[in-house]
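The structure appears below as structure tokens.
Please treat every number below as a calculation from the coordinates, not as lab data. Worth saying up front: this structure is predicted, and the values here are computed from it rather than measured. A quick note on method: Cβ atoms are made from the backbone with ideal geometry, for glycine too, and the neighbour counts reach across all protein chains shown.
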Amino acid sequence: MTKDEDQQIWTLLRELEQIAIREHLPSIGPIEGKIILEIMKKHKATTVLEIGTLHGYSAILMANSLSTDGKLITVEIDKNRAYAARKNIDKAGLSNKIKVICDNALDVIPTLDGYKFDLVFLDAAKSEYLQYLILIEARNLMKEDSVVIADNVILYENKMKDYLEYVRDSGRYISQTTETTSTFNKNVKDALEISIRSKNKFCYNVIRKVDCFMNTKDKVKLEKLIKIPLDYSYIMLFLTANKMRRLP
Ligand SMILES: C[S@@+](CC[C@H](N)C(=O)[O-])C[C@H]1O[C@@H](n2cnc3c(N)ncnc32)[C@H](O)[C@@H]1O
């Protein structure tokens, strides 16, 4: 992609941000966008699944950072929104990288065969987040160390308690909450839940043990513990970000 093409995409994204503010569209904004792009870069994401397209802002933002062979699938239930998204994606010149599927994600996910997504972005019906994730897991659509990002976990916490409990406490993910603000009101707190699939089975038990050791600040025991084949950086990320909640 040339510098000019990239510039055109950023101009379009700025336009979509203004439209979202004007029309009160529940699109992510530049703050969440920056966090998501950093995670994509860190995890070298090349295949992305997005649930909830709206007018295509987040899809365009993410696809623009993918390598030439990268792919983003985005699912939108509303025909008009899917149409608007396709138009914007076309305008961005990203139709080759983004596939918009217009249907209910609960019906679409079970049909997505053969994909292994590096990153999943959940941003559709807030009370359905857990159902999306369970379907994605059941279809084996993620890699061992894929990342799942869920939007609006403070604003709509009540609607997704089951989801948050699952990613935080099931042991299948190492999950952290990254605070942001509402796109429309900087005084309203919101957050992204960033959940990395646990790379190995011992993770949960180790985290439980680390929890005990952290209380006594027994750094020597902690160092010994993390010598087992676990991803050190994930454990440390989890500890610092979540301040180690007590696990059941
Ligand atoms: C918050 S908006 C998505 C914003 C978009 N990710 C962005 O940041 O630009 C949520 C979208 O999810 C769609 N949606 C809601 N339930 C859905 C479902 N079950 N399947 C697919 N899309 C759904 C809504 O129509 C809406 O356009």
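Compared with the direct C-alpha span, the chain from residue 172 to residue 1 gains 57.8 nm at full extension, assuming 0.36 nm per residue. Counted by Cβ distance under 15 Å from residue 31, the other residues give a net charge of -3, where Lys and Arg count +1 and Asp and Glu count -1.
Given axes a ≥ b ≥ c from the Cα gyration tensor, I'd like to know whether the range 1-92 is rounded (a/c under 1.5), prolate (a/b larger than b/c) or oblate. Don't jump to the answer; show the numbers that get you there.
Numbers: a/c = 1.43, a/b = 1.28, b/c = 1.11.
Verdict is rounded for the range 1-92.
Extension gain for the segment residue 165 to residue 24, taken as residue separation times 0.36 nm less the Cα-Cα distance, is 47.8 nm to one decimal. Modelled spin-label separation between residue 138 and residue 11, with each label point placed 7 Å from Cα along the Cα-to-Cβ direction: 4.6 nm. The count of lysine pairs in the range 98-196 whose Cα atoms are under 29 Å apart, excluding pairs fewer than 8 places apart on the same chain, comes to 19. Here each label is just a point 7 Å from Cα along the line to Cβ, and for residue 116 and residue 104 those points are 3.1 nm apart.
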